[in-house]
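Have a look at the structure below, then the notes.
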There are 2 protein chains.
Amino acid sequence: MQVTAGGGAVAESGRPLRADARRNRERLLEVAVEAFSQPGRDVSLEGIAKAAGVGIGTLYRHFPTREALVEAAYRSEVARLCDAVPGLLEAEPPDRAMRTWTDRFVDYMTAKRGMADTLRAIVATGGNPYAETKARMREAVGTFLEAGAKEGTLRSDVDPGDVIAALSGITLSAGAPEQREQAGRLLDLVMDGLRPRT
Amino acid sequence: MQVTAGGGAVAESGRPLRADARRNRERLLEVAVEAFSQPGRDVSLEGIAKAAGVGIGTLYRHFPTREALVEAAYRSEVARLCDAVPGLLEAEPPDRAMRTWTDRFVDYMTAKRGMADTLRAIVATGGNPYAETKARMREAVGTFLEAGAKEGTLRSDVDPGDVIAALSGITLSAGAPEQREQAGRLLDLVMDGLRPRT
DNA sequence: CGATAAACCGGAGGCTGTTCCGGTTGGTAG
DNA sequence: CTACCAACCGGAACAGCCTCCGGTTTATCG
C-alpha cells in the first residue's frame, strides 16, 4: 500500500498529476471535508462530485472507494489540526494551549460522526490508514508535552501515544453531540493527569 | 426452549403474528442464515427475499433494516450453538468438549465475515443487541466451566464473560479464513489458561 | 507552432438498498 | 357459513453506489 498522502501532487505511479487532475482532486477534497462536517446529513458521493463541479467518474478515479475519500479527508483535517499547534503555543501557555487543542480534536470528531463510522469500518477491515496520521498526532502531542515540561506545567515522562489513545477513547465513548460536556470533563481529567505531581 | 431465538411467534406489540406472517418470517430467517454462511460474497437482500419466496416488501416489514436481519440471524445461530452444549458434554469430557465448542464458535464467525462487518457497525452505533445473546453465551461457557471444575480439569474461578471477551478478540484479530490455524492456536492458549494450576 | 499519445473528463448504465401503497388474505364476530 | 377489517403481501418506484468507455485536454517532441 503506497503512502502518497492525500494532498500529494503525485500519483501512485510516481508521476506528477496533470494540472487539471490536480485541481479537481483538491476541489473534491475540499468539498468532501465540508460535506462530512455537516452534522445532520447522509453524504452522497454524487452530491460531492456535483458540488465540486466534476462528474462522478472523476471522483471515483481519484478516490476509488468511499473509504478512500473518507480517509483522505481525515488525513487532511488531521494535518490542519496539527499545523495549528505552533500558533496555539504562541497564544497561550503550553498546558492551556494543549487543552484548547484537545477540545478542537473532540469537536472535529463529534462533528464528523458520519465519517467516523466509515473510519471504524476501515480499521476493522484491517487496513491501516492511520500510521502516518498517528505519527503526526504523536508529534503534535509531543510538542505540547515538551513545551510544558520546559515550564514545569506538564509531565515529560508520558508517551504521546497514550495520550492519543485516551483522546480516541473519549471520542468513542462520549462522541455524541449531546455528550459534549461530558467529553469536556474527561479532557480536563486527562489534562490533570498530565501535570507534574506536586 | 423456544426462547424466541429469532423464530419468535410474537410481534413487538405483543400480539401474536398471523399464521402466514409467521411462516414468512421463519422462512426468511432460514434463508438469511444460509445466505450469510456462504463465504462466497455479498448477500443481496433481494436475493434472500426471492429465495424465501416472498417479495422484498415482506422482508423489510419483518426486518426493517439490513442490520435487523443480521442481528436476528446472529441470535438464531448463537442459540443453535448454545443448544449444542449438552450434547457435546455427553460426548466428551468437559475440557475437550469446550475446546470443540470454541472451535465451532470461531468457525461460525469466520464463515460469516460479511455479517460480522454489519455486527460491528451495530455495536459502534451504540445499539446493544447483544445483551440477550451474551447472556446465553455466558450460560454456555459457565456450564462447561462448572462441569470441568467438578472433574478438576477446568478452573472454577474464571468469569465466563472474560472467556467470551477472549473468544471475541480471537475472531476479531484472526478472523480471516487464512488465519484459521492461528486462531486454533489461540484457542489452545485460552484453554491452557483455563486449566487449574498444577 | 502543429501533431501525437497518454492521461483525464463526464455521464450513462447496471445493481442494490429502502420506501410506499393498492390489492389480497387470515381471523373473527354474528 | 358469511361478511368484514385489520394486517399482510408483493412489487413498482426512487436513490445512491460503482463501473465502464467514447470523447476531450494536456504535455511533449520534432
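Bear in mind that the values in this text are calculations on the coordinates, not laboratory data. If you're wondering where the values come from, they're calculated on a predicted model, not measured in any experiment. Positions of Cβ are backbone-derived with ideal geometry, glycine not excepted, and every protein chain shown enters the neighbour counts.
Worth pointing out:
- Inter-chain neighbour count for B:55-67: the average number of beta-carbon atoms from partner chains within 10 Å of each residue's beta-carbon is 0.
- Across the copies of the chain, A:Pro16 has label points (7 Å from Cα along Cα→Cβ) spaced 7.8 nm apart, shortest distance listed first.
- In the assembly of identical copies, B:Gly53 has its label point, taken 7 Å from Cα in the direction of the beta carbon, separated from the corresponding points by 5.8 nm (ascending, one decimal).
- Charge context of B:Gly55, other residues only, Cβ under 15 angstrom, K/R +1, D/E -1: +3
- Taking 25 Å as the straight-line reach from the Cα of B:Lys134, the lysines in range (excluding those fewer than 8 positions away in the same chain) are B:Lys112, B:Lys150.
- The distance between label points at A:Arg96 and A:Glu181 comes to 2.4 nm (points 7 Å beyond Cα on the Cα→Cβ vector).
- Sorted ascending by nearby beta carbons within 10 Å, beginning with the fewest, A:Met115, B:Met98, B:Met191 become B:Met191, A:Met115, B:Met98.
- Amide H within-cut-off set for A:Leu154, under 5 Å, with H built and near neighbours excluded: A:Ala149
- Phi-derived couplings, Karplus 6.51 cos²θ - 1.76 cosθ + 1.60 at θ = phi - 60°, listed residue by residue for the stretch B:47-53: x, 4, 4, 4, 4, 8, x Hz, with x used for Gly and Pro.
- Descending semi-axes in Å of the stretch B:65-194, equivalent ellipsoid built from Cα gyration tensor: 25, 16, 13
- Label-point spacing at B:Met191 relative to the other copies reads 5.3 nm, in ascending order, each point sitting 7 Å out from Cα along Cα→Cβ.
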